[in-house]
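The values are calculated or read from the model by the stated rules, or taken from the named source; none is laboratory data. All values reported here derive from a predicted model rather than from experimental measurement. Here the Cβ positions follow ideal geometry from the backbone for every residue, glycine too, while neighbour counts run over all protein chains shown. Heavy atoms of the whole protein, side chains included, go into the accessibility calculation; ligands, DNA and RNA do not. Shrake-Rupley method; radii C 1.70, N 1.55, O 1.52, S 1.80 Å.
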Amino acid sequence: MALLELASVNTFYGRSHILFDVSLSVGKGEVVSLLGRNGAGKSTTFRSIIGLTPPQTGEVIFKGERISGMRAFRICRKGVGFVPEDRRCFPDLTVRENLEVAVRREKQTSSPWTVEKVYSLFPRLQEREKNLGSQLSGGEQQMLTIARTLMTNPDLLLLDEPSEGLAPMIVALLADMIIRIRAEGVTVLLAEQNLHFCAKVADRGYVIDKGSVKYEGKISDLLGNEEIKEKYLAV
Amino acid sequence: MTGFLDISFLTVQVLSALRLAAFLFLISSGLTLIFGVLNILNFAHGALYMLGAYFMFWVTSQVTGPGGFFLAMAMAPLGVALIGMILEMGLLRRIYIQEEIYQLLLTYALVLIIDDLAKIVFGAEYKSIPKPAFLEGAITLFGGTVPTYTILVVVIAPTVAALLWYLLYRTKTGKVIRATSSDREMADALGINMKALFTLVFAFGAVLAGFGGALAGPARTVFPGVGTEVIIECFVVVVIGGLGNLWGALVGSLLIGALETVGIIVFPEFEMGLIYLLMVAVLVVRPWGLFGKPLKIKALSEKNLSFESQEISPVHFSSRPWLWVIPVVLLLIFPAFAGRFYQYLLTQIFVAALMAVAFNLLLGTTGLLSFGQAAFFGVGAYTVGLLLTKTGTGTMPALGLSLFTSAVAASVIGFFCVRLTGVHFAMLTLAFGQLIFAIAFKWYGFTGGDNGIQGIPVREIPLAGLGLLDIGSTKSMYYFVLVVAGLAVAFLRRVRSSPFGATLKAIRENGQRASYLGINVTLYQWTAFVIAGTFTGLAGGLFALMERSISPEIIHWTKSADPVLMTIIGGIYTFVGPAVGAVVLIVLNSYIVAWTEYWALVLGMVLLLLVLLLPGGVIGFVNEKARDYLTRSGWIRRWLFSKSATS
Ligand SMILES: Nc1ncnc2c1ncn2[C@@H]1O[C@H](COP(=O)(O)OP(=O)(O)OP(=O)(O)O)[C@@H](O)[C@H]1O
Ligand SMILES: [Mg+2]
């Protein structure tokens, strides 16, 4: 059984219909990527899963349980971790405080994430422990938002465009970290525009455009599929 | 001026400023905390303060002596916290997804209700609260005599501030509160239970207000309505400091405490205006307050966008203009059937309706909540009043000039206000309004001060070649106001349905998108502000003519609430809504005031029910129901859809 399952999800912002019958599934232990251009609907899919913009029709099933319709904090406590695209760390909290406020599900997890454990994954954060969120660089903010979400001990991590706007060196580092996070037993759904970044970390991928899924398959197949790349991805 | 260098005098003044700042801080820290997390500017915070003082009064009257005093000190914050929790869980919680204005209005309704309930339970008179003997006296400090109680207050407030700092910066809950106030949505997604946190924070804010009331009660006095005075001062404090920022509240309290103390000594005639002047000055330089940051949208979930069905009238007046003839004819023949009282009542309604319809060009059409419309009403009224009493100007030129002066006032005030949005906009308009109120109230030489202007002569109007038109009688005044206000309303309707109006609506729906489309949002908002202000001034001018006397009361901020209430009662997203609201409010008022002295209580209840049950107002409700009914048959549905698609 899949860990996460979206069945014909339709989502609206006010009157505008954004997602059209989006269906996808993520198996336990996988890294799956959601690819698409600007405005394709990747973030909206994530917001539909985490419950910030709940779908109007369709279902989101997580670990066999219907989570669509639940409030975001409940979905988080079920084990879905959301890392938003615009690096929203709490600007007035220190790095450590940012991590502390997110502690969740320690009892349900066999070896829970601790501040020390995420510091070992992101040593840079430890150096900047006492700095405020607003004082960090873009790359550090990205690390902090990922680390913060890890503190909620998610079984599934929704990563929204983590590589956007980062220097190539940091992007390479990031790919490494995703692989290490996966090794800790966390399943990852990764929204990206950057196919090559996905190819480093993901097994399968979905391509989304104008709010509907256009392609589904192995990343390796996608790399060779010039038509899809041409049509739906900015290469 | 040697007095200022005197150390004993200085000691006394500094301590009295600190005492004032202490009270302000206790109340506004809770206010700003609630705003930071819940995003609600809680009008009822002053009422919670008042309840704290009444708790103090009640407990000390049951248990006398120092024991009773300290028991009361402990019980008042807890009692108020309990009330706060009930209010949040029972009422506020229901409307978080609504737009800001409904939340403001709900807390405003609570003020009306709580004030009148206090009047019923404790009576309207001022109550003084006994202090234990050891806090009664005064001590001598650097040669100045300072009440012992002042020392207590000045010591306790910083202690509370330190405690607050500890709670917010050293405890997990405090960190969660700070996180939530900077990004509510993110906090939600990280598993923080907003519902529980909101209740907690509201209750905690209530504790601070209750404690402030308990501490201030014995030093000041308590009476129904004291909260309304206190809350406005605290609004000034938190807006100056930056909404939602605790340090802002601290600095704001100290600034206002100092300014009021110095103002009383140096500039007593304008003491009241000084704090508004400071607020205007701060906001002009730093629109988000000294420590504030621009608010980003921190939606709890998508805002309630279900009003479209209410906005569109099921009957299309524009396609069936003759439908307008019916009400017009009814109004024209009305005086033939109704006596002078009803003619007068209707004339009042015309003036109020004009003000409300003009106001709604800002709120309903453009999405800007002005809390200072009374200022333009006052400018118009005083222009007519002063010109007619002090000069020989004719009635029509005076009325014309009232359009001009209020347009000038609105252009200037609007220039500063439209740079802000939401609550900040509302607060800046309120500050400008109070500034104009203070001028009218204190400038005896020009405006007559708090006496106002009496006996305004209403001169006959020369009609080219047709003699003179006398509008002195109730009936002729009725027709005169009907025609002038009617033309103005017709003009405003044209504005709303013009391309200009459509652009305003686009700005209301999504200001960001509008600006991406190349629309100069600020310019459009400013123009709407000026049009609304100008016609509000005209309403004021008509008011001066029909009443023949005016007083600064008409400029007070509580009068600015009138068009807001009318609009909400009638329906915010419809053109006739505000006019219907004017009818409801004025008719209700004139009957209920005759029947009970608790008009505020009744109004508060009406508002509460309306906000909770009919957020689209009376007309919105009618439209929705009528549509439901009409759309049951298919051809009407098709007809409606083709119409609404174009509107
Ligand atoms: N709050 C909103 N209100 C209305 N429309 C929105 C809102 N947010 C996004 N949209 C629209 O929804 C569509 C999908 O946006 P979404 O953010 O999901 O795309 P995306 O794939 O994440 O793009 P990007 O790569 O730019 O992040 C876009 O057309 C966008 O304009
Ligand atoms: Mg996105």
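Overview of values
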| read-out | value |
| --- | --- |
| Tabulated pairs, region B:237-258, first under 18 Å from B:Leu277 (Cα atoms) and touching a residue at least 12 places away in the same chain (Cβ under 8 Å), second open to solvent by 20 Å² or more (accessible area, probe 1.4 Å) and charged (D, E, K, R), C-beta under 7 angstrom, 6+ apart or interchain | B:Ile256/B:Glu233 |
| Matching residues in region B:547-576 - criterion: being more than 24 Å from B:Leu435 (Cα to Cα) and β-branched (Val, Ile, Thr) | B:Thr567, B:Ile568, B:Ile569, B:Ile572, B:Thr574, B:Val576 |
| Selection status of B:Pro218, over 16 Å from B:Val423 (Cα atoms), open to solvent by less than 30 Å² (accessible area, probe 1.4 Å), under 24 Å from the mean Cα position of the chain (by Cα) and of a type outside the set (Phe, Trp, Tyr) | no |
| Yes/no for B:Ile569 being within 24 Å of B:Leu331 (Cα to Cα), open to solvent by less than 10 Å² (accessible area, probe 1.4 Å) and among the hydrophobic types (A, V, I, L, M, F, W, C) | yes |
| Cβ-Cβ under 8 Å pairs, at least 6 apart or on other chains, region B:417-436 side on the phi > 0 side of the Ramachandran plot, far side assigned to a helix (DSSP H, G or I) and open to solvent by 10 Å² or more (accessible area, probe 1.4 Å) | B:Gly422/B:Glu100 |
| Residues (within 24 Å of A:Glu106 (Cα to Cα), free of Cβ contacts under 8 Å to residues at least 24 places away in the same chain and either basic (Lys, Arg) or part of a helix (DSSP H, G or I) (or both)) located in region B:179-206 | B:Ala179, B:Met186, B:Ala187, B:Ala189, B:Ala196 |
| Among the candidates A:Arg105, A:Arg148, residue that is open to solvent by less than 10 Å² (accessible area, probe 1.4 Å) and of a type in the set (Lys, Arg) | A:Arg148 |
| Residue in region A:23-66 that is nearest to ligand 1 (Cβ to nearest atom), counting only those that are charged (D, E, K, R) and either without any contact (Cβ under 8 Å) to a residue 40 or more places away in the chain or within 14 Å of another protein chain (Cβ to nearest Cβ) (or both) | A:Arg47 |
| Filtered residue count, region A:131-154, keeping only those that are more than 16 Å from ligand 1 (Cβ to nearest atom), away from chain B (no Cβ under 13 Å) and not small (Gly, Ala, Ser) | 5 |
| Subset of region B:177-191 [out of contact with any Lys or Arg (no Cβ under 8 Å at 6 or more places or on another chain) and surrounded by fewer than 24 Cβ atoms within 10 Å (Cβ to Cβ)] | B:Ile177, B:Arg178, B:Ser182 |
| Number of positions in region A:1-43 that are among the polar types (S, T, N, Q), within 12 Å of ligand 2 (Cβ to nearest atom) and crowded, with 23+ Cβ neighbours inside 10 Å | 0 |
| Among (1) more than 9 Å from every other protein chain (Cβ to nearest Cβ); (2) crowded, with 22+ Cβ neighbours inside 10 Å, the one test that A:Glu85 misses | (2) |
| Region A:105-126 residues that are within 14 Å of another protein chain (Cβ to nearest Cβ), paired with ones that are of a type in the set (Gly, Ala, Ser) and assigned to a loop (DSSP other than H, G, I, E, B) (beta carbon under 9 Å, 6 or more apart) | A:Arg105/A:Gly79; A:Arg105/B:Gly191; A:Gln108/A:Gly79; A:Thr109/A:Gly79 |
| Residues of region A:155-182 that turn out to be more than 14 Å from chain B (Cβ to nearest Cβ) and within 16 Å of ligand 2 (Cβ to nearest atom), as a count | 6 |
| Close pairs (7 angstrom Cβ cut-off, 6 or more residues apart or separate chains): free of Cβ contacts under 8 Å to residues at least 40 places away in the same chain and within 14 Å of chain B (Cβ to nearest Cβ) in region A:2-15, away from ligand 2 (no atom under 16 Å from the Cβ) and of a type in the set (D, E, K, R) anywhere | A:Gly14/B:Glu302 |
| Selection from region A:155-193 of residues that are open to solvent by 10 Å² or more (accessible area, probe 1.4 Å), more than 16 Å from ligand 1 (Cβ to nearest atom) and either closer than 26 Å to A:Ser111 by Cβ or under 9 Å from the mean Cα position of the chain (by Cα) (or both) | A:Asp155, A:Leu173, A:Asp176, A:Met177, A:Ile179, A:Arg180, A:Arg182, A:Ala183, A:Glu184, A:Gly185 |
| Residue within region B:124-144 that is modelled with pLDDT under 95, under 35 Å from the mean Cα position of the chain (by Cα) and not assigned by TED's automatic domain parsing to the domain that holds B:Leu51 present | no |
| Complete set of residues in region B:484-529 that are open to solvent by 50 Å² or more (accessible area, probe 1.4 Å) and either among the aliphatic types (A, V, I, L, M) or touching a Phe, Trp or Tyr at 6+ places or on another chain (Cβ under 7 Å) (or both) | B:Leu487, B:Ala490, B:Arg493, B:Ala502, B:Leu517, B:Leu523, B:Trp526 |
| Among the residues listed as B:Tyr166, B:Tyr126, the single one being closer than 24 Å to B:Leu18 by Cα, of a type in the set (Phe, Trp, Tyr) and more than 14 Å from every other protein chain (Cβ to nearest Cβ) | B:Tyr166 |
| Verdict on A:Glu97 being charged (D, E, K, R) and either within 16 Å of ligand 2 (Cβ to nearest atom) or open to solvent by 40 Å² or more (accessible area, probe 1.4 Å) (or both) | no |
| Helices (runs of 4 or more DSSP H) lying entirely in region B:384-460 (those with 3 or more residues that are at pLDDT 90 or above) | B:395-417, B:422-442 |
